[in-house]
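For reference, the structure is listed below as C-alpha coordinates.
The values are calculated or read from the model by the stated rules, or taken from the named source; none is laboratory data. This one's a predicted model, so the numbers in the text were calculated from it and none came from an experiment. Every residue, glycine among them, receives a Cβ derived from its backbone with ideal geometry; neighbour counts consider all protein chains shown. Ligands, DNA and RNA are excluded from the accessible area calculation, which covers all protein heavy atoms including side chains. Shrake-Rupley method; radii C 1.70, N 1.55, O 1.52, S 1.80 Å.
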Amino acid sequence: MGKLRVGRFLISSRVNGPGRRFVIWFQGCPIRCRGCLNPEFHDEDGGHLIETARLVDMIRDLRDEIEGVTFTGGEPLAQAMELVKLAGAVKSMGLTVVCFTGYEMDEILKGNIEGGLELLEFVDVLIDGPYVEEKSAPLLWRGSTNQDVYFLTERYAEFRDRVTACSEMEAELKVGADGVYMTGIFDVEFWEELRRRLGDGS
(Lines give C-alpha, C1' and ligand atoms only; values in the text may rest on other atoms or scores of the structure.)
Protein backbone atom coordinates (compact mmCIF):
# COMPACT_ATOMS: atom_id res chain seq x y z
CA MET A 1 0.00 0.00 0.00
CA GLY A 2 1.07 3.57 -0.67
CA LYS A 3 -0.04 6.89 0.79
CA LEU A 4 -3.10 9.13 0.57
CA ARG A 5 -3.23 12.89 1.02
CA VAL A 6 -5.78 13.59 3.75
CA GLY A 7 -7.12 16.94 4.93
CA ARG A 8 -9.07 15.70 7.94
CA PHE A 9 -10.73 12.60 9.32
CA LEU A 10 -13.57 12.24 11.77
CA ILE A 11 -13.96 9.12 13.87
CA SER A 12 -17.72 9.31 14.21
CA SER A 13 -20.36 11.15 12.18
CA ARG A 14 -24.02 10.56 11.42
CA VAL A 15 -24.50 13.17 8.67
CA ASN A 16 -22.08 11.95 6.00
CA GLY A 17 -24.05 8.93 4.91
CA PRO A 18 -26.22 6.39 6.73
CA GLY A 19 -25.41 5.28 10.25
CA ARG A 20 -22.35 6.03 12.34
CA ARG A 21 -19.40 6.54 9.98
CA PHE A 22 -15.67 7.15 9.92
CA VAL A 23 -15.24 10.11 7.54
CA ILE A 24 -12.13 10.98 5.53
CA TRP A 25 -11.79 14.33 3.77
CA PHE A 26 -9.22 13.83 1.03
CA GLN A 27 -7.02 16.79 0.22
CA GLY A 28 -6.92 18.28 -3.26
CA CYS A 29 -9.66 19.05 -5.75
CA PRO A 30 -9.33 19.82 -9.47
CA ILE A 31 -13.04 20.77 -9.74
CA ARG A 32 -13.26 23.54 -7.10
CA CYS A 33 -16.98 24.31 -7.28
CA ARG A 34 -18.04 27.88 -6.61
CA GLY A 35 -19.62 28.04 -3.16
CA CYS A 36 -18.02 24.74 -2.09
CA LEU A 37 -18.72 23.77 1.54
CA ASN A 38 -15.12 22.61 2.02
CA PRO A 39 -12.75 25.01 0.20
CA GLU A 40 -10.00 24.30 2.74
CA PHE A 41 -9.50 20.92 1.03
CA HIS A 42 -8.94 22.30 -2.50
CA ASP A 43 -5.15 22.75 -2.29
CA GLU A 44 -3.40 19.65 -3.68
CA ASP A 45 -0.35 20.40 -1.52
CA GLY A 46 -2.28 20.82 1.73
CA GLY A 47 -3.19 18.28 4.36
CA HIS A 48 -0.92 15.37 5.26
CA LEU A 49 0.33 12.30 3.45
CA ILE A 50 -0.79 9.29 5.46
CA GLU A 51 0.11 5.69 4.79
CA THR A 52 -2.92 3.81 3.52
CA ALA A 53 -2.05 0.93 5.85
CA ARG A 54 -2.27 3.30 8.81
CA LEU A 55 -5.78 4.36 7.80
CA VAL A 56 -6.73 0.70 7.47
CA ASP A 57 -5.46 0.03 11.00
CA MET A 58 -7.42 2.99 12.39
CA ILE A 59 -10.61 1.77 10.75
CA ARG A 60 -10.02 -1.80 11.91
CA ASP A 61 -9.71 -0.59 15.50
CA LEU A 62 -13.10 1.15 15.16
CA ARG A 63 -15.00 -1.44 13.16
CA ASP A 64 -17.20 -2.48 16.09
CA GLU A 65 -18.25 1.13 16.66
CA ILE A 66 -19.04 2.20 13.09
CA GLU A 67 -21.21 1.06 10.21
CA GLY A 68 -18.88 2.16 7.48
CA VAL A 69 -16.49 4.71 6.01
CA THR A 70 -17.26 7.82 3.97
CA PHE A 71 -14.85 9.28 1.39
CA THR A 72 -15.30 13.00 0.77
CA GLY A 73 -13.09 16.02 0.25
CA GLY A 74 -11.70 17.70 -1.67
CA GLU A 75 -12.06 15.14 -4.43
CA PRO A 76 -11.60 11.49 -3.46
CA LEU A 77 -11.38 10.31 -7.06
CA ALA A 78 -8.30 12.45 -7.62
CA GLN A 79 -6.57 9.66 -5.63
CA ALA A 80 -8.73 6.81 -6.90
CA MET A 81 -5.91 4.37 -7.70
CA GLU A 82 -4.71 4.29 -4.09
CA LEU A 83 -8.23 4.69 -2.73
CA VAL A 84 -9.19 1.37 -4.32
CA LYS A 85 -6.82 -0.36 -1.88
CA LEU A 86 -8.40 1.39 1.11
CA ALA A 87 -11.94 0.69 -0.09
CA GLY A 88 -11.14 -2.99 -0.61
CA ALA A 89 -9.78 -3.25 2.92
CA VAL A 90 -12.86 -1.51 4.35
CA LYS A 91 -15.22 -3.91 2.58
CA SER A 92 -13.18 -6.92 3.73
CA MET A 93 -13.99 -5.85 7.32
CA GLY A 94 -17.72 -6.09 6.59
CA LEU A 95 -18.12 -2.29 6.60
CA THR A 96 -19.82 -0.14 3.97
CA VAL A 97 -18.36 2.55 1.72
CA VAL A 98 -20.01 5.86 0.82
CA CYS A 99 -18.22 8.12 -1.64
CA PHE A 100 -18.87 11.76 -2.54
CA THR A 101 -17.43 13.01 -5.84
CA GLY A 102 -17.70 16.12 -7.98
CA TYR A 103 -17.39 13.97 -11.09
CA GLU A 104 -20.55 12.62 -12.73
CA MET A 105 -21.31 8.92 -12.90
CA ASP A 106 -21.17 8.96 -16.72
CA GLU A 107 -17.58 10.20 -16.63
CA ILE A 108 -16.61 7.39 -14.28
CA LEU A 109 -18.43 4.69 -16.28
CA LYS A 110 -16.71 5.83 -19.49
CA GLY A 111 -13.36 5.21 -17.81
CA ASN A 112 -12.40 8.89 -17.85
CA ILE A 113 -11.25 8.82 -14.22
CA GLU A 114 -8.20 6.66 -13.63
CA GLY A 115 -9.12 4.06 -11.02
CA GLY A 116 -12.73 5.22 -10.93
CA LEU A 117 -14.30 2.04 -12.30
CA GLU A 118 -12.23 -0.13 -9.96
CA LEU A 119 -13.33 2.00 -7.00
CA LEU A 120 -17.03 1.62 -7.85
CA GLU A 121 -16.71 -2.13 -7.24
CA PHE A 122 -16.34 -1.40 -3.51
CA VAL A 123 -18.81 1.50 -3.13
CA ASP A 124 -22.28 1.00 -1.65
CA VAL A 125 -23.51 4.58 -2.18
CA LEU A 126 -22.08 7.17 -4.58
CA ILE A 127 -23.15 10.83 -4.47
CA ASP A 128 -22.03 12.42 -7.73
CA GLY A 129 -21.82 15.76 -9.48
CA PRO A 130 -20.38 19.20 -8.80
CA TYR A 131 -22.06 21.54 -6.33
CA VAL A 132 -24.00 24.16 -8.31
CA GLU A 133 -24.73 27.21 -6.18
CA GLU A 134 -27.72 28.27 -8.31
CA LYS A 135 -29.33 24.86 -7.76
CA SER A 136 -28.81 24.77 -4.00
CA ALA A 137 -31.57 22.87 -2.17
CA PRO A 138 -32.23 21.17 1.20
CA LEU A 139 -31.54 17.57 0.22
CA LEU A 140 -30.26 14.55 2.11
CA TRP A 141 -26.48 14.17 1.51
CA ARG A 142 -26.52 16.69 -1.37
CA GLY A 143 -26.08 20.42 -1.69
CA SER A 144 -27.71 21.01 -5.09
CA THR A 145 -30.43 19.41 -7.22
CA ASN A 146 -28.10 18.36 -10.05
CA GLN A 147 -26.36 15.87 -7.78
CA ASP A 148 -27.56 12.26 -7.74
CA VAL A 149 -27.39 9.41 -5.24
CA TYR A 150 -26.57 5.97 -6.65
CA PHE A 151 -27.24 2.86 -4.58
CA LEU A 152 -24.69 0.48 -6.07
CA THR A 153 -25.59 -2.33 -3.67
CA GLU A 154 -28.81 -3.14 -1.82
CA ARG A 155 -27.25 -2.33 1.57
CA TYR A 156 -29.08 1.01 1.93
CA ALA A 157 -32.01 0.48 -0.41
CA GLU A 158 -34.42 1.77 2.25
CA PHE A 159 -33.01 5.28 1.71
CA ARG A 160 -34.06 5.49 -1.96
CA ASP A 161 -37.31 7.32 -1.22
CA ARG A 162 -35.74 9.65 1.35
CA VAL A 163 -33.12 11.05 -1.01
CA THR A 164 -35.80 12.34 -3.39
CA ALA A 165 -37.46 14.43 -0.67
CA CYS A 166 -36.50 17.99 0.27
CA SER A 167 -36.00 19.45 3.75
CA GLU A 168 -33.61 16.75 4.94
CA MET A 169 -30.37 18.70 5.28
CA GLU A 170 -28.27 17.29 8.13
CA ALA A 171 -25.24 18.89 9.74
CA GLU A 172 -23.07 18.49 12.82
CA LEU A 173 -21.01 21.08 14.66
CA LYS A 174 -17.68 19.61 15.72
CA VAL A 175 -15.05 20.92 18.12
CA GLY A 176 -11.55 19.54 17.66
CA ALA A 177 -7.88 20.32 18.15
CA ASP A 178 -7.94 22.29 14.90
CA GLY A 179 -10.92 24.41 15.97
CA VAL A 180 -14.67 24.40 15.39
CA TYR A 181 -16.06 23.20 12.09
CA MET A 182 -19.33 22.17 10.49
CA THR A 183 -19.84 18.92 8.61
CA GLY A 184 -22.72 17.57 6.55
CA ILE A 185 -24.89 19.70 4.27
CA PHE A 186 -25.47 23.21 5.60
CA ASP A 187 -26.11 26.83 4.68
CA VAL A 188 -22.76 28.47 3.99
CA GLU A 189 -23.93 32.00 4.91
CA PHE A 190 -25.24 30.75 8.27
CA TRP A 191 -21.93 29.00 8.98
CA GLU A 192 -19.86 32.07 8.03
CA GLU A 193 -21.95 34.23 10.35
CA LEU A 194 -21.67 31.68 13.15
CA ARG A 195 -17.88 31.52 12.70
CA ARG A 196 -17.70 35.30 12.82
CA ARG A 197 -19.67 35.35 16.05
CA LEU A 198 -17.55 32.58 17.56
CA GLY A 199 -14.42 34.41 16.52
CA ASP A 200 -15.27 37.83 17.94
CA GLY A 201 -17.28 36.59 20.91
CA SER A 202 -20.41 38.54 19.94
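Of note:
- Split the accessible area of the range 1-156 by element, probe 1.4 Å, and carbon with sulfur accounts for 46%.
- Total formal charge among the other residues, if their Cβ is under 12 angstrom from that of Asp128, Lys/Arg +1 and Asp/Glu -1: -4
- Taking Cβ atoms as reference points and 15 Å as the exclusive limit, the residues near Glu65 contribute a net charge of +1, counting Lys and Arg as +1 and Asp and Glu as -1.
- Loop-located GluC sites (Glu not before Pro) in the range 1-94 whose Cβ has at most 10 other Cβ within 10 Å (DSSP): Glu65
- For a label point 7 Å along the Cα-to-beta-carbon line of Arg160, residues of the range 116-152 with backbone N under 11 Å: 151-152
- Ordered by 1.4 Å accessible area with all protein chains kept, Met58, Met1, Met105 run largest first as Met1, Met58, Met105.
- In the context of the full set of protein chains, the range 66-156 has a per residue accessible area of 38 Å² (1.4 Å probe).
- Solvent-accessible surface (1.4 Å probe) assigned to Asp106 amounts to roughly 100 Å².
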